[in-house]
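In what follows, a structure is listed as structure tokens, so that the remarks can point back to it.
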Amino acid sequence: MGSPFAEGIEMSEPAIEDYYVENRTFPPSDQFQANAIITDRSLYDEAEADRLGFWARQARELVTWFQDFETVLEWDLPFAKWFIEGKLNVSYNCLDRHVEAGGGDKVAFHWEGEPGDTRTITYSQLLEEVSKFANVLKSFGVAKGDRVCIYMPMIPELPVAMLACARIGAPHSIVFGGFSADSLSDRIDDASAKVLITSDGGYRRGDPFPLKDTADASVSATSTIENVVVVRRTGQDIEWDAEVDHWYHDLMETASPDCPPEQLDSEDLLYLLYTSGTTAKPKGIMHTTGGYLTQVAFTHKYIFDLQPDSDIYWCAADIGWVTGHSYIVYGPLANGATSVMYEGTPDTPRPEFREGDKADWPKDRLWDIIQRYGVTQLYTAPTAIRTFMKWGSEEVERHDLSSLRVLGTVGEPINPEAWMWYHEHIGGERCPIVDTWWQTETGGHMITPMPGVTTTKPGSATHAIPGVVVEVVDDSGNKIEKGGGYLTVTEPWPSMLRGIWGDPDRYKETYWSEYPGRYFAGDGAKIDDDGYLWLLGRVDDVMNVSGHRISTTEVESALVDHSSVAEAAVVGATDDTTGQAIVGYCILRGGNEPSDELREEIRQHVAKKLGAIARPKVVVLVPDLPKTRSGKIMRRLLRDVAEGRKLGDTTTLADASVVDEIRLRAADAPQED
């Protein structure tokens, strides 16, 4: 197909310069289209002709309403209300209606713990558990509108807790289990949460890790928590305060399984989810009921080509992030899907395969799970895919992945070579890949291919979904038809955030002030000659080199295009001459040894692919990259290393020792001209 790259052409002062050209295309196969739920552009055409009518139809077809809505949208920029006067309950939509329709024996979750323990949970079993726990919450005085904080590992009691909150109209606030006591207490305080649900701990990389002690430290630093519910997962020793602490299993023993769902308004708050901001204070993103459920059900159904009677769907994310809220719990359950849920990490095999040092263990747990359960859709992050590349295809080749039909990516732009590896080694060159762009704030997918409709390009999220309107704009806010700029949304969408908890002014300032009348959350994008959208990452990950604005994503893609590089991260470091200089950190593929010659070869490879302006000043060959527990690369720390600064906060790192090794390697790396 020829080289996927072409030399960059400089344009007159573009917002973000556009160097990378991808010419490979992958139309849906005849075999896939023969069974796909949609293969034409009818949904796009319907939404283009009548956007609000389109969303109203989705809401009525995909969601069960106790009382139908009268007004589709009330829009007072930047505040939206969708499906006004409609009454519904998310828990009812995810559980009761499937059981009432005769689907009670259908499996909702195939759950697997990292130690190899498993649970198969049907819709009727999940409904009973949720109803009982909803009554537990009621017994603590939790009522509609009260906030409940959840701090748990990936165990079935986590979706139970979420759905129980939704059943009684108590918004939940989930805090990822890798966060510190300070992060947890900040979120408890901001939401004035009344109850905390946690566990003694969980399992990660073959060992139990504690949660209860972190929860205890947080509760002691806050004033609003009245009761703490503790799930026994690991059996490890924990501190116990009989005044506030309660074992989950004790409470559930006596709870009634009869708890009718509350009839809630479409705009009642479903959950808060905190995301980091430019200030120290986290932002409590607000998602409400009717619009959110409509868009996550719609996108889960059509973007994954869901066939609920036969599919085994797996979103391999953590419920502590929005991906897990929307595409492990609410979307799949609303659609009556059967899902896989896994507690641990991909490099922790089942106990019978753990021999020798951990470093020597097989790194094939995901492929093992896919083969054993017959998974049909896999939804994971580019960071994970690049890690699998580094581990090598041998881990994959031991398993039969022929059950897979659709592959998805989420969390950041995927570089083309990782896309191709995913396509070839995981998808067997037969599975469409849906590269999804969306955010905590958007609630659900916004830009993504539809697998039976869209011709894909490696690395491109392609086009906005039906009913979502996006535009790329320049520095002045003018729409551009081609080239790089800033991604904005120009019309309200059903699952959009309704604000920042307790801070409407910050909501306006953060998302709506940069380009008046447009939603902008800080992502760069470009439009290619064919009208395809390419996400370029956060604008604060755009480097300014001698006046040229260069996306870290494009340089990272060029680095990983080198046959020796498995993964790369790029930062802009302050430079006296050029303003910023490009510094690339590269993990080598197995079988390659670091050397000055290889470092220079990689550096020149970027120049060849993107042009000399994008060539890194320094390439540092590293054994690993600093990542959070969720797999996000902490570029801030890499910038600190590049600029010789004292390191910032490292408490959320999965492995803090990585940074020390990078410092040593960086000190040894020659400075290029």
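Looking at (1) under 23 Å from ASN544 (Cα atoms); (2) open to solvent by 20 Å² or more (accessible area, probe 1.4 Å); (3) touching a Phe, Trp or Tyr at 6+ places or on another chain (Cβ under 9 Å), which is the only condition VAL620 fails?
VAL620 satisfies every listed condition except (2).
Can you give me the ranges of the strands (runs of 3 or more DSSP E) entirely in the range 176-278 with at least 2 residues that are touching a strand residue (DSSP E or B) at 6+ places or on another chain (Cβ under 6 Å) and closer than 30 Å to PHE69 by Cα?
269-275
Does the range 401-421 contain any residue that is basic (Lys, Arg), open to solvent by 10 Å² or more (accessible area, probe 1.4 Å) and farther than 30 Å from GLY443 by Cβ?
no
If a residue has to be open to solvent by 10 Å² or more (accessible area, probe 1.4 Å) and of a type outside the set (Lys, Arg) to count, how many in the range 367-377 make the cut?
5
Could you count how many residues in the range 399-448 are of a type in the set (A, V, I, L, M) and part of a loop (DSSP other than H, G, I, E, B)?
5
Can you tell me which residue is most open to solvent (accessible area, probe 1.4 Å) among those in the range 302-361 that are under 17 Å from TYR123 (Cα atoms), among the small types (Gly, Ala, Ser) and over 16 Å from the mean Cα position of the chain (by Cα)?
By that ranking, first place goes to SER310.
Given the criterion in contact with a helix residue (DSSP H, G or I) (Cβ under 9 Å, 6 or more places away or on another chain), of a type in the set (A, V, I, L, M, F, W, C) and either surrounded by fewer than 22 Cβ atoms within 10 Å (Cβ to Cβ) or under 23 Å from LYS212 (Cβ atoms) (or both), identify the matching residue among LEU251, LEU264.
LEU251
Looking only at residues that are aromatic (Phe, Trp, Tyr) and outside any loop (DSSP other than H, G, I, E, B) in the range 476-513, which one is farthest from ASP541 (Cα to Cα)?
Once the filter is applied, the top-ranked residue is TYR507.
Out of (1) of a type in the set (A, V, I, L, M); (2) surrounded by fewer than 22 Cβ atoms within 10 Å (Cβ to Cβ); (3) within 19 Å of GLY291 (Cα to Cα); (4) in contact with a helix residue (DSSP H, G or I) (Cβ under 8 Å, 6 or more places away or on another chain), what's the single condition that is false for ILE500?
(2)
Within the set of pairs 6+ apart or on separate chains, which have a first residue in the range 112-133 that is open to solvent by less than 30 Å² (accessible area, probe 1.4 Å) and in a strand (DSSP E or B), a second that is of a type in the set (Gly, Ala, Ser) and at pLDDT 95 or above, and C-beta atoms under 7 Å apart?
Partner pairs satisfying both residue conditions: ILE121/ALA108; THR122/GLY104; THR122/ALA108.
If TYR19 satisfies every condition in (1) at pLDDT 95 or above; (2) farther than 28 Å from ASP265 by Cβ; (3) in contact with a helix residue (DSSP H, G or I) (Cβ under 8 Å, 6 or more places away or on another chain) but one, which is the exception?
(1)
Look through PRO171, PRO159 and report the one residue that is in contact with a Lys or Arg (Cβ under 7 Å, 6 or more places away or on another chain) and surrounded by 23 or more Cβ atoms within 10 Å (Cβ to Cβ).
Testing whether each residue is in contact with a Lys or Arg (Cβ under 7 Å, 6 or more places away or on another chain) and surrounded by 23 or more Cβ atoms within 10 Å (Cβ to Cβ) leaves just PRO171.
The values are calculated or read from the model by the stated rules, or taken from the named source; none is laboratory data. Please read all numbers here as calculations on a predicted model, not as lab measurements. Counting neighbours? That spans all protein chains shown, and the Cβs are built from the backbone with ideal geometry, glycine included. All accessible areas refer to the heavy atoms of the entire protein, side chains included, with ligands and DNA or RNA removed. Shrake-Rupley method; radii C 1.70, N 1.55, O 1.52, S 1.80 Å.
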